[in-house]
Amino acid sequence: MNHSAPLSRTALRAASAIGAVITLIGVVLIGVMVVAWQPLSAAPAWVVTLTGVVLVTGIVSTVIFSTTLARRQRR
C-alpha cells in the first residue's frame with residue numbers, strides 16, 4: 001500500500017525535463033568518446049560504463065515521468 005501523495009503535474013514535467021537533460025548529457029559523453037578515442041575500443045571501460053548508465057537512466061526516467069504525466073492528464 002502506497003501512502004505517499006502523487007506527484008503534481010508540475011513535478012512530473014520537471015522530472016521529465018531533468019530526464020531529458022540527463023539523456024542529453026549521455027549523448028554528449030558519446031560525442032566526447034567518439035572524438036577523444038579512436039578507435040572506440042581504446043576508451044577506458046569506466047567511461048563506456050558511465051556513458052551507458054547515464055544514457056539509460058535519462059531515457060528510462062524521461063519515459064516513466066512522461067507516461068505518468070500523460071496518464072494523469074487524461075483523468
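The values are calculated or read from the model by the stated rules, or taken from the named source; none is laboratory data. Nothing here was measured: the structure is a model prediction, and the numbers come from that model. For neighbour counting, all protein chains shown are included, and Cβ atoms are generated from backbone atoms with ideal geometry for every residue, glycine included. Note: areas computed on protein heavy atoms with side chains; ligands, DNA, RNA excluded. Shrake-Rupley method; radii C 1.70, N 1.55, O 1.52, S 1.80 Å.
Against the chain, whose longest principal axis is taken from its Cα atoms, helix 45-74 shows a tilt of about 20°.
Please report, as a whole percent, how much of the solvent-accessible surface of the chain comes from carbon and sulfur atoms (probe radius 1.4 Å). For the chain, the apolar C and S fraction of the accessible surface comes to 73 percent.
Just the accessible area per residue of the chain, please: how many Å² with a 1.4 Å probe?
On the way: 5380 Å² over 75 residues.
Per residue, the chain has an accessible area of 72 Å².
The slack in the chain from I25 to T10, taken as 0.36 nm per residue of separation less the alpha-carbon distance, amounts to 3.1 nm.
The calculated FRET efficiency for the pair W37 and T57, based on their C-beta separation and a Förster distance of 30 Å, comes to about 0.85. Taking only the alpha carbons of the chain, we obtain Rg and Dmax values of 16.4, 51 Å in that order.
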